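Following: one structure in structure tokens, then a few remarks.
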């Protein structure tokens, strides 16, 4: 089949690297290989029972069997307004909220609403694999601003200023970060917000999907709380997938100034119409209901985080900073490159991940999926036993 049959715009999209690695791991497992996969970024816990019960009740209510407003149920919007005030320190109105089919749709629509062809977006790297494709689909150009393990994977104002041009339309912020787990401190994010305030036409897209997945008393601040004057050009993205173990429920949202929210609502009215009413009812229960199950999940993630960092740092040539949020570790493996492993010289983290999968039957996502080579992403959202077993396999491989 000729490539010309498919549009150039869609042909240019790359498959999600994280899902690709996870699919490969699952295929090997189906063929009897004892693969341990650290690839997927989703909690291994079931959705809390009270949330499931809310969905069960909703499914039997005929009012949920019909179309509802494309931008979201009024009750869902009100719950998001309250959560945003409590967790993001930012006052919003229901008209600013667009309920979406997961955080990915919110990210996609945010870029569609503000970008024109050739507009540049400053993207701190390492970055989530979906950002580049969403930017390309909106006609934008991604400008990477890289911060390595020596900076705790956090970019500085000086770096942003150096990358800024007259074509820069937006800055992307993801804190806590996927893939690194890094969290900007109050001062670091305030400095970035104050810098944005000096650029009158610069938008901010703040991805806060891991906002409530933080450790050691750390708080993931929102840039709009710290620098309120830029709220009128900030789009916030969030959802219930990560905090509430609801990845399959597909419920996210975007919060935008009224003009951008109206534009996003118009787009969504043609793209998907309303999000499943059942998922919205479940999400309302998640946000407004008992938070104790969430704290139990966080305690398990914290335990695994500490175990992963301690054990990975026993591997010579691998440096693993301690993440303060999300459920990933992001080892710097540059010390393992340029050497021969399993009879082959390994020169990139892509080759290293392939070798680890083949030799140790451990699936990791290479740094190339998130920016420069020389890194691996490992999700610790899996059982303690599997977490330790996989790392021990790598310890043996590199001993």
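The values are calculated or read from the model by the stated rules, or taken from the named source; none is laboratory data. Quantities reported herein were computed from a predicted structural model and do not represent experimental measurements. Using ideal geometry, Cβ is built from the backbone for each residue, glycine included, and neighbour counts are taken over all protein chains shown.
Quick check on residue 353: is it surrounded by 23 or more Cβ atoms within 10 Å (Cβ to Cβ), in a helix (DSSP H, G or I) and either at pLDDT below 95 or not assigned by TED's automatic domain parsing to the domain that holds residue 40 (or both)?
Values: surrounded by 23 or more Cβ atoms within 10 Å (Cβ to Cβ): yes; in a helix (DSSP H, G or I): yes; either at pLDDT below 95 or not assigned by TED's automatic domain parsing to the domain that holds residue 40 (or both): yes.
Yes, satisfied.
Name, by its number, the condition in (1) more than 17 Å from the chain's Cα centre (by Cα); (2) under 23 Å from residue 197 (Cβ atoms) that does not hold for residue 123.
(1)
Kindly provide the set of residues from region 1-41 that are without any contact (Cβ under 8 Å) to a residue 60 or more places away in the chain, within 27 Å of the chain's Cα centre (by Cα) and assigned to a helix (DSSP H, G or I), ordered by number. So that I can check it myself, show each step before the final result.
Step one: list which residues in region 1-41 are without any contact (Cβ under 8 Å) to a residue 60 or more places away in the chain, which gives 1-8, 10-11, 15, 19-20, 23, 26-27, 29-32.
Pick out the ones that are also within 27 Å of the chain's Cα centre (by Cα) and you get 8, 10-11, 15, 19-20, 23, 26-27, 29.
If the condition is that a residue be without any contact (Cβ under 8 Å) to a residue 60 or more places away in the chain, within 27 Å of the chain's Cα centre (by Cα) and assigned to a helix (DSSP H, G or I), then 8, 10, 11, 19, 20, 23, 26, 27, 29 are the ones that fit.
Considering region 250-293 alone, what residues qualify as being in contact with a helix residue (DSSP H, G or I) (Cβ under 9 Å, 6 or more places away or on another chain), within 18 Å of residue 94 (Cα to Cα) and not in a helix (DSSP H, G or I)?
Passing the criteria: 251, 252, 253, 254, 255, 256, 257, 274, 275.
Within region 181-203, is even one residue buried (at least 18 other Cβ atoms within 10 Å of the Cβ), touching a residue at least 60 places away in the same chain (Cβ under 8 Å) and in a strand (DSSP E or B)?
yes
Please go through region 1-60 and pick out each residue that is in contact with a strand residue (DSSP E or B) (Cβ under 7 Å, 6 or more places away or on another chain) and under 20 Å from residue 136 (Cα atoms).
Answer for region 1-60, where residues must be in contact with a strand residue (DSSP E or B) (Cβ under 7 Å, 6 or more places away or on another chain) and under 20 Å from residue 136 (Cα atoms): 17, 18.
Go through the residues of region 338-349 one by one and say whether even a single one is within 29 Å of residue 374 (Cα to Cα) and either in contact with a strand residue (DSSP E or B) (Cβ under 6 Å, 6 or more places away or on another chain) or crowded, with 18+ Cβ neighbours inside 10 Å (or both).
From region 338-349, those within 29 Å of residue 374 (Cα to Cα) are 338-349; that's our starting set.
Among the residues that remain, those that are also either in contact with a strand residue (DSSP E or B) (Cβ under 6 Å, 6 or more places away or on another chain) or crowded, with 18+ Cβ neighbours inside 10 Å (or both) are: 346, 349.
Yes, region 338-349 contains at least one residue that is within 29 Å of residue 374 (Cα to Cα) and either in contact with a strand residue (DSSP E or B) (Cβ under 6 Å, 6 or more places away or on another chain) or crowded, with 18+ Cβ neighbours inside 10 Å (or both).
May I ask you to verify whether residue 322 is in contact with a strand residue (DSSP E or B) (Cβ under 8 Å, 6 or more places away or on another chain), free of Cβ contacts under 8 Å to residues at least 24 places away in the same chain and farther than 30 Å from residue 197 by Cβ?
Working: in contact with a strand residue (DSSP E or B) (Cβ under 8 Å, 6 or more places away or on another chain): no; free of Cβ contacts under 8 Å to residues at least 24 places away in the same chain: yes; farther than 30 Å from residue 197 by Cβ: yes.
Here the answer is no, as residue 322 does not meet what is asked.
Looking at region 321-338 only, could you name the residues that are within 24 Å of the chain's Cα centre (by Cα), over 16 Å from residue 393 (Cβ atoms) and in a loop (DSSP other than H, G, I, E, B)?
321, 322, 323, 324, 326, 327, 330
Going by what's in this entry, would residue 154 be described as in contact with a helix residue (DSSP H, G or I) (Cβ under 8 Å, 6 or more places away or on another chain) and assigned to a loop (DSSP other than H, G, I, E, B)? Quick ask: steps written out before the conclusion?
Details: in contact with a helix residue (DSSP H, G or I) (Cβ under 8 Å, 6 or more places away or on another chain): yes; assigned to a loop (DSSP other than H, G, I, E, B): yes.
So residue 154 passes the test.
Is at least one residue of region 34-44 out of contact with any helix residue (DSSP H, G or I) (no Cβ under 6 Å at 6 or more places or on another chain) and surrounded by fewer than 16 Cβ atoms within 10 Å (Cβ to Cβ)?
Within region 34-44 (the criterion being out of contact with any helix residue (DSSP H, G or I) (no Cβ under 6 Å at 6 or more places or on another chain) and surrounded by fewer than 16 Cβ atoms within 10 Å (Cβ to Cβ)), the answer is yes, since at least one residue qualifies.
Can residue 274 be described as within 26 Å of residue 58 (Cβ to Cβ), surrounded by fewer than 22 Cβ atoms within 10 Å (Cβ to Cβ) and touching a strand residue (DSSP E or B) at 6+ places or on another chain (Cβ under 9 Å)? Break it down stepwise before answering.
On the way: within 26 Å of residue 58 (Cβ to Cβ): yes; surrounded by fewer than 22 Cβ atoms within 10 Å (Cβ to Cβ): yes; touching a strand residue (DSSP E or B) at 6+ places or on another chain (Cβ under 9 Å): yes.
Spelling it out, residue 274 is indeed within 26 Å of residue 58 (Cβ to Cβ), surrounded by fewer than 22 Cβ atoms within 10 Å (Cβ to Cβ) and touching a strand residue (DSSP E or B) at 6+ places or on another chain (Cβ under 9 Å).
Given the conditions (1) part of a helix (DSSP H, G or I); (2) under 24 Å from residue 124 (Cβ atoms); (3) in contact with a strand residue (DSSP E or B) (Cβ under 9 Å, 6 or more places away or on another chain), which single one is not true for residue 301?
(3)
Has region 141-152 got at least one residue that is in the same structural domain as residue 225 (by TED's automatic domain parsing), in contact (Cβ under 8 Å) with a residue 40 or more places away in the chain and over 19 Å from the mean Cα position of the chain (by Cα)?
Checking region 141-152: not a single residue is in the same structural domain as residue 225 (by TED's automatic domain parsing), in contact (Cβ under 8 Å) with a residue 40 or more places away in the chain and over 19 Å from the mean Cα position of the chain (by Cα).
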